[in-house]
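This report concerns only the one structure given below.
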Amino acid sequence: MSPVTATTDEAAVRRAARRRRLQQRQTVVFGGLVTVLLVAGLVAGAVWTGLLPAPFTREFSAEESAEQSLVTPCPPEGAVPVELASITANVYNGTDRAGLAGATGSALGALGVVVNQEANWPAGSYDGVVQIVSGQLGVSAAYSLARLFDGATVALDSTRSDESVDVVLGQGYQSVLSPDQVAALDPAAPLVAPEGCTPVSEPTAAS
């Protein structure tokens with residue numbers, strides 16, 4: 001074999017070796033990228049479905065979101081309690097005490113309140129005593145209903161367009177006032193505005 005032929009063959013061998021090494025590196029790099037993408041996809045899917053917690057964001061519960069959107073409205077100036085029979089209420093159990101919404105709903109029904117629904121509170125646990133939530137049309141009804149509980153607070157849901165009222169029973173809740181205590185309430189006494197409440201104009205149902 002001539003020196004020229006030997007040199008040509010050696011160069012070809014070196015080029016082939018370089019190509020193999022390049023292909024091997026490319027295989028390793030692309031294989032690693034595919035593996036990383038697959039792992040990232042699996043992790044993202046697990047976070048999306050709730051199997052893993054989100055690593056960089058704080059979880060906000062439904063309860064926190066609801067509480068952030070609620071304010072304490074003032075009752076309309078000079079408003080007096082409305083008839084209990086004109087109030088439609090949903091009763092929600094915000095505790096782990098079984099049957100609380102049903103028992104309270106029955107007690108309110110016996111006093112004349114129209115109870116629409118009795119269920120566990122969708123937001124989970126409520127740490128207060130009783131929170132009564134209404135829209136603008138139901139502020140007077142909410143304050144009238146609040147008189148039946150010790151320690152009840154009223155909150156405004158600005159997105160609600162009807163006169164219905166939600167009664168959320170919390171960890172500090174004990175019971176509705178007794179019929180004798182309810183009978184002793186002055187039906188003509190103006191509804192009392194709590195300190196720091198937000199003035200709210202209560203529209204009529206026809207507006």
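Throughout, read-outs are computed from the coordinates displayed, never taken from laboratory work. Computed from a prediction, not measured in an experiment: that's the story for all the values here. Because the Cβ atoms are built from the backbone with ideal geometry, glycine has one as well, and the counts that use them run over all protein chains shown.
Would the stretch 62-183 count as rounded, prolate or oblate if I go by the C-alpha gyration tensor, calling it rounded below 1.5 in a/c and otherwise prolate when a/b exceeds b/c, oblate otherwise?
Oblate.
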Legend entry - Estimated distance in nm for a label pair at LEU33 and ARG21, the labels positioned 7 Å out from Cα along Cα-to-Cβ: 2.2
Legend entry - Difference of contour (0.36 nm per residue) and Cα-Cα distance, ARG160 to ASN116: 14.3 nm
Inset, instruction - Could you sort 180-191, 91-102, 114-125, 142-153 so that the peptide with the highest average Cβ count within 10 Å comes first and the rest follow in order? - result: 142-153, 91-102, 114-125, 180-191
Legend entry - Label-point gap, in nm, between ARG14 and ALA123 - each point 7 angstrom along Cα→Cβ: 7.7
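Quickly rank 103-110, 29-36 as a protection proxy: mean count of other C-beta atoms within 10 Å, highest first.
For the peptides 103-110, 29-36, the packing ranking is 103-110, 29-36.
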